[in-house]
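*Asks:* One structure, as structure tokens, below. Some questions next.
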């Protein structure tokens, strides 16, 4: 391989390494992270993809502009739902909200606040 070939190969390898590093550094999808929390913590009562199995509230009908109610209900419990304040952190609630929004097609919930 001549000098020019080595230079091209070095450039290609460096560029592919930079692209791989950029992919590794990309922040995780909040909705996907929220889905994982949902599956572990919520799905048992609220159903697969928010479609209730008759036990919990149907989260497909949750109002998009009522995050405060969501946080209050999750943290303090409501009716048969237990309080999750000692289990879930505020960041996890934001991720859950992003997941609920993604399933329901809310644009505002795509990025947690």
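Every read-out reported here was derived from the displayed coordinates using simple, explicitly stated rules and does not represent laboratory data. The structure presented is a predicted model; accordingly, all values stated were derived computationally and were not measured. Here the Cβ positions follow ideal geometry from the backbone for every residue, glycine too, while neighbour counts run over all protein chains shown.
*Asks:* Please count how many residues of segment 40-62 are within 18 Å of the chain's Cα centre (by Cα) and either under 18 Å from residue 106 (Cβ atoms) or surrounded by 13 or more Cβ atoms within 10 Å (Cβ to Cβ) (or both).
*Replies:* 11
*Asks:* Considering segment 73-87 alone, what residues qualify as being out of contact with any helix residue (DSSP H, G or I) (no Cβ under 9 Å at 6 or more places or on another chain) and surrounded by 13 or more Cβ atoms within 10 Å (Cβ to Cβ)?
*Replies:* Passing the criteria: 73, 77.
*Asks:* Continuing with this model, one more query. Just to verify a result, which residue in segment 81-104, among those that are in contact (Cβ under 8 Å) with a residue 24 or more places away in the chain and not in a helix (DSSP H, G or I), is farthest from residue 34 (Cα to Cα)?
*Replies:* Here the answer is 81.
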